[in-house]
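The values are calculated or read from the model by the stated rules, or taken from the named source; none is laboratory data. Please read these numbers as outputs of a predicted model, since none were measured by experiment. Methodologically, a virtual Cβ is constructed for each residue, glycine included, from the backbone with ideal geometry; neighbour enumeration extends over all protein chains shown. The protein model used for the area step is the full one, side chains on, heavy atoms only, and it has no ligands, DNA or RNA in it. Shrake-Rupley method; radii C 1.70, N 1.55, O 1.52, S 1.80 Å.
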Amino acid sequence: MRLGQCSKYHVPANNLTLAAGAAMRMENQPMATKPPVSRPARPSRSAGATAGANVGAKPRPARARQAVTSSEEAVRGEAERDTRKFLLGKVYELISEHGIESLSMRTVAQAVQMSTGTINHHFGNKRGMLIAALENAYELPLDWEDYRGSPAAQLRRLVLGYVLRGPNDRFWRFWINYLAMSTRDADMSSHQKVRYARQERFWAKLIRDAIEAGEFKPDI
């Protein structure tokens, strides 16, 4: 078979030469490649889970969080005051029955069925507990605001509350024990004198206010 011929088709020689040259040029040229397709990054599993967990959740405003915190603190503060007052009532009873010398943080804890840690939290030590009991004894009655506007009525309330008590009232037995201890303890005696002087000034002001209001005679 001659050049340019095949068993089935006849191809001119010049055409074969052109085809061979074109094929050689194509082999020397780089192959065209498709440009890379950019695909969006898939979110990680943890990010998806977090996003799913927060769907529909509304963040609590800062003011709301502060209001909740303030409310909780107020409740805790009121509970602390109630517990402290309850403990001081038990201190009065123990001193009235057994005296100050036998009083301890442990005896108070046993009497109220609480831990000594709770008693220490409120008073620190025995001396702090005795001073707190003294301060509480000078506090105004809970219904004091009911008598505001009438100094004479306020003085009458103090007399009824601190002087004219029942015969079995343990407050006076506590007071006698406290005064007896202050004769042997210089620090407690000093504290008592300062507190009593403050109380005298308070009573004197009530008397002056009652005179100015016309409830007492000026020469009282």
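Return yes when residue 181 is open to solvent by less than 40 Å² (accessible area, probe 1.4 Å) and modelled with pLDDT under 90 and no when it is not. Taking the combined requirement at face value, the residue satisfies it.
Selection of first residues in the range 96-108 that are farther than 15 Å from residue 132 by Cβ and of a type in the set (A, V, I, L, M) and of second residues that are at pLDDT 95 or above and open to solvent by less than 60 Å² (accessible area, probe 1.4 Å), restricted to Cβ pairs under 8 Å at least 6 apart or on distinct chains, gives an empty result. Applying the criterion of at least 2 residues that are open to solvent by 30 Å² or more (accessible area, probe 1.4 Å) and within 21 Å of residue 178 (Cβ to Cβ) to the helices (runs of 4 or more DSSP H) found wholly in the range 88-151 leaves 105-112, 126-137.
Residues in the range 169-215 that are within 17 Å of residue 157 (Cβ to Cβ) and either in contact (Cβ under 8 Å) with a residue 24 or more places away in the chain or over 39 Å from the mean Cα position of the chain (by Cα) (or both): 171, 199, 203, 204, 206, 207, 209, 210, 213, 215.
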